[in-house]
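Enquirer: A single structure is presented below for examination.
The values are calculated or read from the model by the stated rules, or taken from the named source; none is laboratory data. Quantities reported herein were computed from a predicted structural model and do not represent experimental measurements. Note: ideal-geometry Cβ built from the backbone for every residue, glycine included; neighbour counts use all protein chains shown. Surface accessibility is based on the protein's heavy atoms, side chains included, excluding ligands, DNA and RNA. Shrake-Rupley method; radii C 1.70, N 1.55, O 1.52, S 1.80 Å.
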Amino acid sequence: MHQHDHSGRATYLKSMFVGIVHGLAGSAAMVLLTMSTIDSVWQGAIYIIIFGVGTCVGMLLFTTILSIPFDTSTTSIKVNHSLIRLTGVVCVVFGIYYMYNLGVNDELFTVWFG
């Protein structure tokens, strides 16, 4: 039976692809809004390049900073698992807060149920 390791490069490429798609989806509205105010094609192209590079660098730095506690805690499984659980709880609480804020405070639910 043929066996080889898929964990190295393939994982990074998959993560990079997910990040690119996620970044494009989140930034598309901002780019479209800005592009409506630009006069020439060259200005638009320069804006997209600068915005894209700035977004990539910003996401890279933010993700790197966020990963430091997880990377340094790999020697202690208990601390690492606690960080993972804490991160999950914080994400769920933030998601509930965000849905409540949009649905109730910004009255999005009244569009559907009102």
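Enquirer: Out of all Cα-Cα pairs in the chain, roughly what percent, to the nearest whole number, are more than 23 Å apart?
Expert: 60
Enquirer: A further question on this structure: Efficiency by 1/(1 + (r/R0)^6): what FRET value for Val57 and Leu86, r their Cβ-Cβ distance, R0 = 30 Å, to the nearest 0.05?
Expert: Computed FRET efficiency for Val57 and Leu86: 0.60.
Enquirer: A follow-up question, please. Please report, in debye to the nearest 20, how large the charge dipole of the chain is about its Cα centre when each Lys and Arg carries +1 at its beta carbon and each Asp and Glu carries -1 there.
Expert: Charge dipole, the chain, about its Cα centre: 400 debye, nearest 20.
Enquirer: While we're here: Any idea of the accessible area per residue across segment 12-88, 1.4 Å probe, to the nearest Å²?
Expert: Roughly 82 Å² per residue, with all protein chains present.
Enquirer: If you don't mind, there's one more thing I want to ask. Calculate the spin-label point distance for Tyr47 paired with Leu66, positioning each point 7 Å from the Cα along the beta-carbon direction, and give it in nanometres.
Expert: Placing both labels 7 Å beyond Cα along the Cβ direction yields 2.8 nm.
Enquirer: Using 0.36 nm per residue, how much length does the chain from Leu33 to Trp112 gain when fully extended, once their Cα-Cα distance is taken away?
Expert: 25.8 nm
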